[in-house]
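The values are calculated or read from the model by the stated rules, or taken from the named source; none is laboratory data. Note that this is a predicted model, so its numbers are computed, not measured. When we count neighbours, we look across all protein chains shown, and the Cβ atoms used for this are built from the backbone with ideal geometry, even at glycine. Just so you know, the surface numbers come from the protein's heavy atoms only, side chains and all, with ligands and any DNA or RNA stripped out. Shrake-Rupley method; radii C 1.70, N 1.55, O 1.52, S 1.80 Å.
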Amino acid sequence: MKLWFFSAVCLLLMNSAVTEMSAGDRIVLRLMGDSTMADKDLSAQNPERGWGQRLKSHLDTNVVIVNYAQNGRSTKSFQDLGLWDKVKADLKSGDWLFIQFGHNDSKADDPARYAPAYGAYSDNLRTFVEYALSAGAKPVLFTPVSRRWFDDRGMLKKDCHGDYPAAVCRIAEEYGLPMVDANSITQEWLESLGDEPSRQYYMWVEKGTSPRHPDGKVDNTHTNVAGARKIVELLLPAITDVIPELKPHVLNYDFVVAKDGSGDFFTVQEAVDAAPDYCKQDETTVYIKNGIYNEKVTIPANKQKLHLIGQDAMETVITWSDYAQKIGSTGYPMGTSATSTVFLYADDFLAENITVENASGEGKEIGQACAITVDADRAAFVGCRFIANQDTIYTYGKGQRQYFRNCWIEGTTDFIFGYSTAYFDGCTILSKKDSYVTAASTVKGQKYGYVFRDCRLIASDGVAKVYLGRPWRPYAKTVFINCELGGHILKEGWHNWNKPYAERTAFYAEYGSTGEGAASAKERVKWSRQLKEKELGDYSPDKVLDTESEIDKNGESVKVRWYFGDLF
């Protein structure tokens, strides 16, 4: 196994957002029911969702959800069509079995589905319950979620399910089973909203707005994305009351991105666009489920206090393939500044467990191709991966501060470059070519440039001649503290970029370097420095990133608080 791959795996395991249970200890929820619970076909941008489909995004990966629910099923047809046989084949001791029917059992004009409430419907529920109990599983009965039926006076029709909710209650009492009264919970919610406001949660589709329903649709039974999410939010407190062990596994995010349709959006950009502008109080949290997101993402300046959380950094990947020599919309090459997969302009930002990749490759015909441009102050990245070749991370903003902790960064030439003050804490940095790691462009008078603390610098096979950095601009500042340097780092350490004058103005320093690439002061270029121990206090994250750089109305320097300042 290659060193760099092993290091990446170890890094991500240590910094995983969720500590997973062993497979045998995970909580298994098996869902059987009708269309209001079912997973929906996502072709033609179908906006319909069942609440069971959405439940996956409200619980962490320690909870396994298997949804057998299907459109149009009743307790009768669920058995007749062989779906109950699938459940029985899969059901194991300790599993929870959610049972919700009633919408289709009441259709007296359809013999394939009709099951009278106090006749076949109740008998079928008993069949499900008794088998589950015999298998050591734990059934939970649900009354059917309410239909959105309002009369001419705007009053909700509460008898939309006739005797079926009461029949469920009776079976629950008969067997002493937990029950979630979804009918009452959703009716209370619908009443609180009223007729017109509640339409936004159901399949009320305007003509010409959905490829799936080009002529529009009016449906008071089935929910859209927002409605499915809302029903889960309504039902979860009752579900966790009857299954208390679920409570630690409930996720609370403002938005969820998921390619499988279990979230609010399919793309990261949609979630960013939905975040409130100029957030003044709490952050907006966006959970991004595993998947390859082929998109170019821009986070504008008005989306402040945004917190993006990937499910797993190895499998939550935002990727694009723009490059400097690519012909853009103007008919000319795009240039470096336009190539990033992600552009970040919003202050007070945090990303966790996400891979950002520029997949355009390497070569003269490609040139520079950035993974991310960070033009934002107080931006932080934890457990993220940044993958490209030349110019991977562009720390663009002059006077801005950025923090990278336990990140994986790989590239070829100058793959960490730019103007900002940036702190790299416990990161793994992979050089894929004989070249340069950093190209700082620190502004004259700026106290700090790049600081690397407790980082590991490694290389791909065959890479043997890498410099720690070279000055893109004359006042470049880069410091390595207690870092492990692989044998690919040259003994001279630094390069002047054929700018002898930069030797007088650049500040390149180390302290406590270890590994084959470490060297004595005599072996390093004469114009670099070895820090003294007493100077280390000036290079803590707090010192470097909370620099008194802002001026208040009285002309005095003041510290600007990091919203996510508890990271360091």
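Odds and ends about this structure:
- For first residues located in region 277-297 and more than 19 Å from residue 262 (Cβ to Cβ), partners that are assigned to a loop (DSSP other than H, G, I, E, B) and of a type in the set (Asp, Glu) and lie 6+ apart or on another chain with Cβ distances below 8 Å form the pairs 283/348; 284/254; 296/322.
- Only one entry in 94, 52 is within 34 Å of the chain's Cα centre (by Cα) and closer than 30 Å to residue 257 by Cβ, namely 52.
- Taken over region 61-79, residues that are assigned to a loop (DSSP other than H, G, I, E, B) and buried (at least 21 other Cβ atoms within 10 Å of the Cβ) amount to 4.
- The residue list 339, 330 contains one member that is more than 23 Å from residue 263 (Cα to Cα) and surrounded by 23 or more Cβ atoms within 10 Å (Cβ to Cβ), which is 339.
- Answer residue from region 277-323, given it is of a type in the set (Gly, Ala, Ser) and in a strand (DSSP E or B) and is farthest from residue 58 (Cα to Cα) among those: 291
- Subset of region 450-496 [part of a loop (DSSP other than H, G, I, E, B) and in contact with a Gly (Cβ under 7 Å, 6 or more places away or on another chain)]: 454, 455, 476, 482, 486, 487, 488
- Residue satisfying condition, being modelled with pLDDT under 95, open to solvent by 10 Å² or more (accessible area, probe 1.4 Å) and out of contact with any Asp or Glu (no Cβ under 6 Å at 6 or more places or on another chain), within set 410, 352, 365: 365
- Where residue 356 falls short, out of the listed (1) in a loop (DSSP other than H, G, I, E, B); (2) touching a strand residue (DSSP E or B) at 6+ places or on another chain (Cβ under 6 Å); (3) under 16 Å from residue 408 (Cα atoms): (1)
- Single unsatisfied condition, residue 419 versus (1) open to solvent by 10 Å² or more (accessible area, probe 1.4 Å); (2) on the phi > 0 side of the Ramachandran plot; (3) without any contact (Cβ under 8 Å) to a residue 60 or more places away in the chain: (2)
- A single member of 261, 208 is at positive phi and either among the aliphatic types (A, V, I, L, M) or buried (at least 19 other Cβ atoms within 10 Å of the Cβ) (or both), and it is 261.
- Pairs meeting the criteria (first residue in region 237-253 and free of Cβ contacts under 8 Å to residues at least 12 places away in the same chain and within 20 Å of residue 142 (Cα to Cα), second residue part of a helix (DSSP H, G or I) and hydrophobic (A, V, I, L, M, F, W, C), beta carbons under 8 Å, at least 6 apart or on different chains) are 240/246.
- Candidates in region 80-107 are the residues that are without any contact (Cβ under 8 Å) to a residue 24 or more places away in the chain and among the hydrophobic types (A, V, I, L, M, F, W, C); of these, the one that is most open to solvent (accessible area, probe 1.4 Å) is 81.
- Among the residues listed as 152, 110, the single one being without any contact (Cβ under 8 Å) to a residue 24 or more places away in the chain, open to solvent by less than 80 Å² (accessible area, probe 1.4 Å) and either touching a Ser or Thr at 6+ places or on another chain (Cβ under 8 Å) or among the acidic types (Asp, Glu) (or both): 110
- Residue among 182, 166, 135 that alone is among the hydrophobic types (A, V, I, L, M, F, W, C), open to solvent by 10 Å² or more (accessible area, probe 1.4 Å) and out of contact with any Asp or Glu (no Cβ under 9 Å at 6 or more places or on another chain): 166
- The set of residues from region 193-205 being open to solvent by 90 Å² or more (accessible area, probe 1.4 Å) and either touching a helix residue (DSSP H, G or I) at 6+ places or on another chain (Cβ under 7 Å) or hydroxyl-bearing (Ser, Thr, Tyr) (or both) comprises just one member, 200.
- Residue 267, sole failed condition from (1) surrounded by fewer than 22 Cβ atoms within 10 Å (Cβ to Cβ); (2) touching a residue at least 12 places away in the same chain (Cβ under 8 Å); (3) out of contact with any Asp or Glu (no Cβ under 8 Å at 6 or more places or on another chain): (3)
- Condition met for residue 39 (part of a loop (DSSP other than H, G, I, E, B), open to solvent by 40 Å² or more (accessible area, probe 1.4 Å) and of a type outside the set (A, V, I, L, M)): yes
- Checking the stated criteria, residue 233 turns out to be of a type in the set (D, E, K, R) and touching a residue at least 40 places away in the same chain (Cβ under 8 Å).
- Test: residue in region 292-309 that is crowded, with 18+ Cβ neighbours inside 10 Å, over 22 Å from residue 563 (Cα atoms) and of a type in the set (S, T, N, Q): no
- Subset tally (residues that are farther than 14 Å from residue 446 by Cα and open to solvent by 30 Å² or more (accessible area, probe 1.4 Å)) for region 471-482: 2
- Residues that are under 13 Å from residue 422 (Cα atoms), open to solvent by 10 Å² or more (accessible area, probe 1.4 Å) and in contact with a Gly (Cβ under 7 Å, 6 or more places away or on another chain), drawn from region 378-399: 394, 396
- Members of region 267-276 found to be in contact with a Phe, Trp or Tyr (Cβ under 9 Å, 6 or more places away or on another chain) and not in a helix (DSSP H, G or I), listed by number: 267, 275
- Close pairs from region 390-413: first over 20 Å from residue 432 (Cα atoms) and outside any strand (DSSP E or B), partner open to solvent by 10 Å² or more (accessible area, probe 1.4 Å) and among the aliphatic types (A, V, I, L, M), Cβ under 8 Å, at least 6 apart: 398/443; 399/443
- Being of a type in the set (Ser, Thr, Tyr) and in a strand (DSSP E or B) is a property that residue 330 lacks.
- Residues of region 497-530 that turn out to be farther than 18 Å from residue 432 by Cα and assigned to a loop (DSSP other than H, G, I, E, B), as a count: 20
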